[in-house]
1. With a 1.4 Å probe and all protein chains left in place, how much of the accessible area of the chain comes from carbon and sulfur atoms, in whole percent?
2. Considering only the other residues whose Cβ falls under 12 Å of the Cβ of Leu271, what net charge follows from Lys and Arg at +1 and Asp and Glu at -1?
3. For the chain, what class follows from the C-alpha gyration tensor (a ≥ b ≥ c being the square roots of its eigenvalues): rounded when a/c is under 1.5, otherwise prolate if a/b is larger than b/c, else oblate?
4. Over the chain, give the accessible area per residue in Å² for a 1.4 Å probe, as an integer.
5. Treating cross-link reach as a plain straight distance, find the lysines whose alpha-carbon is under 30 Å from the alpha-carbon of Lys42, omitting any fewer than eight places away in the same chain.
6. I want to check the label-to-label distance for Ala195 and Asp70. Put each point 7 Å from Cα in the C-beta direction and report it in nm to one decimal.
7. Taking the Cβ-Cβ separation of Arg317 and His161 as r and a Förster radius of 51 Å, what is the calculated FRET efficiency to the nearest 0.05?
8. Which Cys residues of the chain have no other Cys Cβ less than 4.7 Å away and so no disulfide-compatible partner by this rule?
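The values are calculated or read from the model by the stated rules, or taken from the named source; none is laboratory data. Just so it is clear, the structure is predicted and the values come from calculations on it, not from any experiment. Please note: Cβ atoms are built from the backbone with ideal geometry, for glycine as well, and neighbour counts cover all protein chains shown. Protein only, heavy atoms only, side chains kept; ligands, DNA and RNA dropped before computing areas. Shrake-Rupley method; radii C 1.70, N 1.55, O 1.52, S 1.80 Å.
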Amino acid sequence: MRRLTVAAALAAALAAALATAAASTAAPASAASAAKAAYPGKPGRIAFVRNGDIFTIEPNGTGLQKLTTDGHASGPRWSPDGTKIAYLDAGNLWVMNSGGGHKTRLTSAAPVFTDSRPTWSSNGQYLVFVKTARHAAFGYLTRYNLASRHQVTYTDTINGHLIRVAALPAPVAWTHASNGAYYIAYEGAAAQCAAPFTYCLNLLGLSSQAQFVNGFPSSEYSHTTAVRFTSPDWYPLRTLYYSDIIVTSENCPGGHCTVSGTEFRLTTLVLPGSYDAVFAPDGTHIAYVENVNVAPEIFTTPTTIEGPYGTPVMLVRGTQPAWQPLPL
């Protein structure tokens, strides 16, 4: 396992590069007042998936609501203001209101191209996901503009050439970090995870939420062994881009992956056997999935950025939890 973290001098160079880019790239009007992470706020309802449909529930286990009914939904993600849910249905990207109304399909290329579980920008204007062609081993990091309804592919520069950001078809996560820059965590592929590495958890640094060309790539963890970090989620308060993230750790010999557990700060394995962990919007709890008698169940437990503590509480049967941020 190798971590390619940015040393102090390189971090300063990155900050200077982002500042220069910010001067020439106008950010959306709401960016200046955006919070320092993608989903901060007061903890609201928890969205999750069961038998191909999306539900929400209060963190105390009451008020179960079923939002979809066709059996093909997955990957719910709350908008930063907690009023909408982006999700997947049969491989296409959709959005709906918090109560399940006004369902709107955003993409329609499946099954020729399928979309991964998305993430929101902190101003709520963009959704980012991995778009993958049928039978392809990897796809490309893609942004959907909810105002213009246009899609673009992120690019970066490797060896002097502008290339599309290649990624595995898996969940991604966006944050507005404490240094003022924006970062998208994704699983790199092709040139973003070159030999001898097998699996890479990467960050794409951006000077503004509007930027999609010439992102600043870095590899946070690269593995020559069959260890995969997937399903990233950022700590929501004063986020340190180089450490404040949780992931699902998997062991993947021969490409067949089994869950090891949840990793905090990419160095500490906690909650063995758990997966799909997400922070509450105030950073005081996490929700995660653990298989109990084969069936997946969602638990919550108190936490800090250093790791969970206290006694986990079983909330509901399901997978893919997402915690609603409400206004403070």
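1. 57 percent
2. Once all neighbours under 12 Å are counted, the net charge is -3.
3. Taking the square roots of the gyration eigenvalues as a ≥ b ≥ c, the chain is rounded.
4. 41 Å²
5. Cα-Cα hits under 30 Å: Lys66, Lys84, Lys103.
6. Between Ala195 and Asp70, the label points sit 4.3 nm apart.
7. E between Arg317 and His161, to the nearest 0.05, is 0.60.
8. If one checks each Cβ against the other cysteines of the chain, every cysteine finds a neighbour under 4.7 Å.
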